[in-house]
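Structure record follows, encoded as structure tokens.
The values are calculated or read from the model by the stated rules, or taken from the named source; none is laboratory data. The model shown is predicted, which means the values in this text are computed figures rather than measured ones. Methodologically, a virtual Cβ is constructed for each residue, glycine included, from the backbone with ideal geometry; neighbour enumeration extends over all protein chains shown. In case anyone asks, the SASA skips ligands and DNA or RNA and just uses the protein heavy atoms, side chains included. Shrake-Rupley method; radii C 1.70, N 1.55, O 1.52, S 1.80 Å.
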Amino acid sequence: MSVAAKPLPYQEAAAIVREQAGRLAAQGSRGREELSLLEAQGRVLAQDLVADRDQPPFARSTRDGFAGRAAEFAQAGPLEVVGLLRAGECWTGGAVPERGCVEIMTGAPVPAFADCVVMVEHVERRGTEIALEAGRVIKAGENVVPAGAEASAGAVVLPEGTRLTAHGVAVAASCGYAQVAVWRRPRVAILSTGDELVELGEQPLAHQIRNSNSWTLAAQVRALGGEPVLAPPVRDDAAALEAAIRTAAATCDLVVLSGGVSMGKYDLVEPALEALGGRFLFTGARIQPGKPVVFGLLEGSGQAALPFFGLPGNPVSTIVCFALFVAPVLAALAGERGYAPRFVQARLRGRLECKPGLTRFLPAQLTHAIEGGSVEVVAWQGSGDLAATAQANCFAVAPEPEGQQGGVLVEGAIVSVLLA
Ligand code: AMP
Ligand code: MG
């Protein structure tokens, strides 16, 4: 049975997650709902957004200036300004004679006779006459965006399966969408396990721990457009675990457990999943924190297989495992195509210790300077240290060294960073 299988290198575990996410994204059969445009922000489109007319709908001036014929600007001598066009108006002044031009504002439709717009800053004006300033050349097409150059009527401006960002809201509004169809939020069961856990609002005894992971996971689920379904913490008891998983599986699209997947005597999550017919795709990944993470499918009677994750209970392990493994599956269930954890490269401040047999993800601070962004690991006490992690905005990646020797990346090294 695969439960006893060895932890996989990070890249292999990530590849399995990608493959399953691809399968789930293609599966379809998720419901849609119509939402008003702003409500749809952060959700995944269940329809193509289509340009209802050419964009721009007319040849648009991108500058305040003078619309005219480039060939005439190229000849010596002034041009006569025969009229003025504001944004929101169209030219009704009739034919424009040779060596005539029209004063025009940004966003106004360039009259048909003109093939360019000279910026107001680039002309000398005397009364009703203008001339290009000395040494300035203007080409046909300059400062004009032709009708349909950005999108032609009927073109897909944003395909189904795209998560709607502020940019997406912008293009949707420009095409007249007051409402858009989005995929239903996937329901994600969140089951925290552990005899030591108490709920928010209860006073923990000296030896007890507040259940923070359920809230962390709920927040992460919501950020990706899922609907967290929270249950009270489950005791470290085989029957209680099986019952809780069975209930969760009946009503949710994904089951995420926290705690109980390590080697302890009361780590009973894997046997419970196995007893319910769970098929494990990996049991452990060579990452730190988060090594005991498990991923698999519950293959119930007749229904599509239900993905599940068992995340180690250490709070930072939970956060990292969610970002690396749960997020791509959740995004796929939400209908999003091509989601992947976001990595960037940055210059290291301080040091980063690499450990044999592990890809490490260490809470870190990334500075977002326009040039030379750098990253520094925050001081922490290990994978239970939420106080340190709350100061972090990313995880610096210490790659798994080849062979059995550890190593150290030093100040100035270029390292990968997982954006949180
Ligand atoms: P486990 O993975 O069950 O062995 O738990 C590892 C560590 O994480 C222990 O110190 C637990 O007390 C802690 N832990 C487990 N579950 C949670 C939770 N839901 N919230 C906060 N800490 C937890
Ligand atoms: Mg436990």
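Which condition does T62 not pass, out of (1) open to solvent by less than 30 Å² (accessible area, probe 1.4 Å); (2) of a type in the set (V, I, T); (3) more than 30 Å from G31 (Cβ to Cβ); (4) under 45 Å from the mean Cα position of the chain (by Cα), if it passes all the others?
So the condition that T62 fails would be (1).
For segment 130-142, check the following and say yes or no: at least one residue is closer than 17 Å to L35 by Cα and more than 16 Å from ligand 1 (Cβ to nearest atom).
No - not one qualifying residue is present in segment 130-142.
Looking at segment 22-33, is at least one residue open to solvent by less than 40 Å² (accessible area, probe 1.4 Å), farther than 15 Å from K291 by Cα, in a loop (DSSP other than H, G, I, E, B) and modelled with pLDDT of 95 or more?
Scanning segment 22-33 turns up no residue that is open to solvent by less than 40 Å² (accessible area, probe 1.4 Å), farther than 15 Å from K291 by Cα, in a loop (DSSP other than H, G, I, E, B) and modelled with pLDDT of 95 or more.
Could you tell me whether R246 is without any contact (Cβ under 8 Å) to a residue 60 or more places away in the chain, surrounded by fewer than 23 Cβ atoms within 10 Å (Cβ to Cβ) and not acidic (D, E)?
yes
Can you report the number of residues in segment 45-62 which are touching a Ser or Thr at 6+ places or on another chain (Cβ under 7 Å) and in a strand (DSSP E or B)?
Total satisfying the criteria: 3.
Is it the case that L217 is without any contact (Cβ under 8 Å) to a residue 40 or more places away in the chain, part of a helix (DSSP H, G or I) and crowded, with 20+ Cβ neighbours inside 10 Å?
no
When C354 is evaluated against the numbered criteria (1) surrounded by 17 or more Cβ atoms within 10 Å (Cβ to Cβ); (2) closer than 21 Å to P315 by Cα; (3) of a type in the set (A, V, I, L, M, F, W, C), which criterion, by number, is the only one it fails?
All conditions are met except number (2).
Would you point out which residue out of A189, A166 is within 19 Å of V234 (Cα to Cα) and within 24 Å of the chain's Cα centre (by Cα)?
After applying the criteria, what remains is A189.
What number of residues within segment 80-101 satisfy the criterion of being of a type in the set (A, V, I, L, M, F, W, C), part of a strand (DSSP E or B) and more than 10 Å from F113 (Cα to Cα)?
Total meeting the criteria: 4.
What number of residues within segment 249-279 are open to solvent by less than 50 Å² (accessible area, probe 1.4 Å) and outside any loop (DSSP other than H, G, I, E, B)?
11
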